[in-house]
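> Quick one: structure below, then a few questions.
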Amino acid sequence: MNMKDFGMTKAEVEETAKKYLNEQFPRFDFIAEKAKGMYIYDEEGNAYLDFLGGIAVNAAGHCNERVSKYVKQQIDEMVHSSNYCYTLPQIMLAKLICETIKMDKIQFQNSGAEANEAAIKLARKYGVDNFGPERFKIVTALNSFHGRTLGTLAATGQPDSAIQKGFAPLVEGFKYAEFNNLEAFKEAATDDVIAIMVEPVQGEGGVYPADKDFLVGLRKLCDEKNMLLIFDEVQTGWGRTGDIMGYMTYGVKPDIITMAKAMGGGMPIGAMCSTEKIMNTFGPGAHGTTFGGNPVCCAAAYAQIEELLEKKLPENAKETGAYFRERAKELPHVKEIRGIGQITGIEFDVPIANELKYTCAEKKYLLMTAVRPAVVRLVPPLIATKEDCDKAIEIMKETIVEITESK
Ligand SMILES: *Cc1c(COP(=O)(O)O)cnc(C)c1O
């Protein structure tokens, strides 16, 4: 629904937003009215090349035809029924996901934070049920991001950040160790630890891919000490890394996987998957949700995943992402380029990330930042072509020169 549906001007929209919304960050100076493929269209019909991708969400492109079709059909047939009823979108999506990512069982949630919350609860109960009440701790990585619920913000290894500050006392039972430092994780893995949870690529933290040896080492450590390995694939899952799941890119299989972002084609859905043995820990009443597995969201996710698989979008992400990083070397003020598949972090030698984000938006190109002031994060839809990358690079190049020369 747009301005004309409400009979409003752009100024009135902005004024109403300022009056009533509690804002997390400044908005771009346009109203997003429509979107298709790689583009978002504003109130005047201007097209914005979208390398923000709804924050790594719109993997099969905006308003993907298959996603729209399945959602429309489901919305006319039934919007919600509760998890007391069998519903086909949920059951068939469970089968599709478990078979595709080679996991036994799935429990649907509504977001990434909730999926991680479920994983944390599952690991804790597994520890307590199997090893006694002292074994409930989870080691996570410094510079990680796992969400903003009380549990997941405590799991997020960013002490003293705005994510944690002011929310004390934090949920107990988390320990942090340096990412990509196997020795640090070994040291942290004391007898009261039941699980290790990491992102295969730290996204929000500034795009730091794990080293393969690190993840292989964590797998071995978990096997030796009867600990569970949890991969938070909320951002890396469903094609982003160039494979269906980040764990496949690394060839290291976790015991528990969480997912959300790209999974639902833009509809809010998340999930936690595990083996049958571990998942059995959640007996009746242990964990539930009213909306999780909602048929409209599941229909969207079913379409999204079919689309990712049939159009081989993970492969495209691998090829196009590598091309993008190669071309990004031409940008001025580059200090380091990190990434894998279609998640790229560009670190500059000047803290221009925020200004670059808003100035590029004025030039009709959207990109993301991370927690670091000198790092931009590019997480475009996986349909992005080399031509899209060329265009993105040209706009960034011109904008970086403008910004840095005006200082
Ligand atoms: C975005 C993100 C989350 C949180 O997901 P929400 O859907 O915003 O709750 C958790 N973990 C990772 C790795 C993420 O990128």
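> Considering LYS125, LYS102, which residue is farther than 12 Å from HIS287 by Cβ, charged (D, E, K, R) and surrounded by fewer than 20 Cβ atoms within 10 Å (Cβ to Cβ)?
LYS102
> Please go through (1) more than 18 Å from THR320 (Cα to Cα); (2) within 12 Å of the ligand (Cβ to nearest atom); (3) not aliphatic (A, V, I, L, M) for LYS225 and return the number of the only condition it doesn't satisfy.
In the conditions (1) more than 18 Å from THR320 (Cα to Cα); (2) within 12 Å of the ligand (Cβ to nearest atom); (3) not aliphatic (A, V, I, L, M), LYS225 misses (2) alone.
> Being of a type outside the set (A, V, I, L, M, F, W, C) and part of a strand (DSSP E or B) is the filter; apply it to segment 175-184 and report the residue that is nearest to the chain's Cα centre (by Cα).
Restricting to residues being of a type outside the set (A, V, I, L, M, F, W, C) and part of a strand (DSSP E or B), the top hit is TYR176.
To keep it simple, each residue is scored yes or no on (1) away from the ligand (no atom under 16 Å from the Cβ); (2) more than 20 Å from the chain's Cα centre (by Cα); (3) surrounded by fewer than 17 Cβ atoms within 10 Å (Cβ to Cβ).
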{"site": "LEU21", "(1), (2), (3)": "yes, yes, yes"}
{"site": "PRO26", "(1), (2), (3)": "yes, yes, yes"}
{"site": "ILE31", "(1), (2), (3)": "yes, yes, no"}
{"site": "MET38", "(1), (2), (3)": "yes, no, no"}
{"site": "GLY45", "(1), (2), (3)": "yes, yes, yes"}
{"site": "GLY53", "(1), (2), (3)": "no, no, no"}
{"site": "ALA60", "(1), (2), (3)": "yes, no, no"}
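> Could you pull out every one of the helices (runs of 4 or more DSSP H) wholly within segment 69-174 that has 1 or more residues that are among the basic types (Lys, Arg)?
In segment 69-174, the matching helices (runs of 4 or more DSSP H) lie at 88-101, 112-131.
> Are there any pairs with C-beta distances below 7 angstrom linking a residue in segment 133-155 that is of a type in the set (Asp, Glu) to a residue that is in a loop (DSSP other than H, G, I, E, B) and at pLDDT 95 or above, with the two at least 6 apart or on different chains, and if so which?
From segment 133-155, the pairs are GLU134/ASP192.
> Can you tell me which residue is surrounded by the most Cβ atoms within 10 Å (Cβ to Cβ) among those in segment 212-259 that are under 13 Å from the mean Cα position of the chain (by Cα) and of a type in the set (Phe, Trp, Tyr)?
Step by step, filter segment 212-259, then rank; the result is TRP238.
> Go through segment 129-149 and give me each residue that's more than 13 Å from the ligand (Cβ to nearest atom) and surrounded by fewer than 16 Cβ atoms within 10 Å (Cβ to Cβ).
Scanning segment 129-149 gives ASP129, ASN130, PHE131, GLY132, PRO133, GLU134.
> Among (1) part of a loop (DSSP other than H, G, I, E, B); (2) over 26 Å from GLY345 (Cβ atoms); (3) β-branched (Val, Ile, Thr); (4) out of contact with any Leu (no Cβ under 7 Å at 6 or more places or on another chain), where does THR281 come up short?
So the condition that THR281 fails would be (4).
> Check whether at least one residue in segment 346-354 is out of contact with any helix residue (DSSP H, G or I) (no Cβ under 8 Å at 6 or more places or on another chain) and among the aromatic types (Phe, Trp, Tyr), and report yes or no.
No, every residue in segment 346-354 fails to be out of contact with any helix residue (DSSP H, G or I) (no Cβ under 8 Å at 6 or more places or on another chain) and among the aromatic types (Phe, Trp, Tyr).
> Here is a further query. Right, SER111: more than 23 Å from the chain's Cα centre (by Cα) and either closer than 21 Å to THR281 by Cα or small (Gly, Ala, Ser) (or both) or not?
Answer is no for this residue.
> Moving on. Of the conditions (1) buried (at least 24 other Cβ atoms within 10 Å of the Cβ); (2) under 29 Å from ASP29 (Cβ atoms); (3) of a type in the set (A, V, I, L, M); (4) in contact (Cβ under 8 Å) with a residue 60 or more places away in the chain, ILE383 clears all except one; give me its number.
With respect to (1) buried (at least 24 other Cβ atoms within 10 Å of the Cβ); (2) under 29 Å from ASP29 (Cβ atoms); (3) of a type in the set (A, V, I, L, M); (4) in contact (Cβ under 8 Å) with a residue 60 or more places away in the chain, ILE383 is out only on (1).
> Search segment 232-272 for residues being among the aromatic types (Phe, Trp, Tyr) and under 20 Å from ALA141 (Cα atoms), and hand back the single one that is farthest from the ligand (Cβ to nearest atom).
Filtering segment 232-272 for residues that are among the aromatic types (Phe, Trp, Tyr) and under 20 Å from ALA141 (Cα atoms), the one farthest from the ligand (Cβ to nearest atom) comes out as TYR250.
> Give the residues of segment 195-206 that are in contact (Cβ under 8 Å) with a residue 60 or more places away in the chain, away from the ligand (no atom under 11 Å from the Cβ) and either among the acidic types (Asp, Glu) or surrounded by 23 or more Cβ atoms within 10 Å (Cβ to Cβ) (or both), sorted by residue number.
ALA195 - this is the single residue of segment 195-206 that is in contact (Cβ under 8 Å) with a residue 60 or more places away in the chain, away from the ligand (no atom under 11 Å from the Cβ) and either among the acidic types (Asp, Glu) or surrounded by 23 or more Cβ atoms within 10 Å (Cβ to Cβ) (or both).
> May I pose another question? Check ALA118 against each of (1) under 30 Å from ASP213 (Cα atoms); (2) away from the ligand (no atom under 16 Å from the Cβ); (3) within 21 Å of the chain's Cα centre (by Cα); (4) of a type outside the set (Val, Ile, Thr) and name the one condition it does not meet.
(2)
> Moving on. In this structure, does GLY264 turn out to be in contact with a Cys (Cβ under 9 Å, 6 or more places away or on another chain) and within 15 Å of ARG240 (Cα to Cα)?
Yes; evaluated as a whole, the condition is true for this residue.
The values are calculated or read from the model by the stated rules, or taken from the named source; none is laboratory data. Computed from a predicted model, the values in this text were never measured in an experiment. FYI the Cβ positions are ideal-geometry reconstructions off the backbone, even for glycines, and counts take in every protein chain you see.
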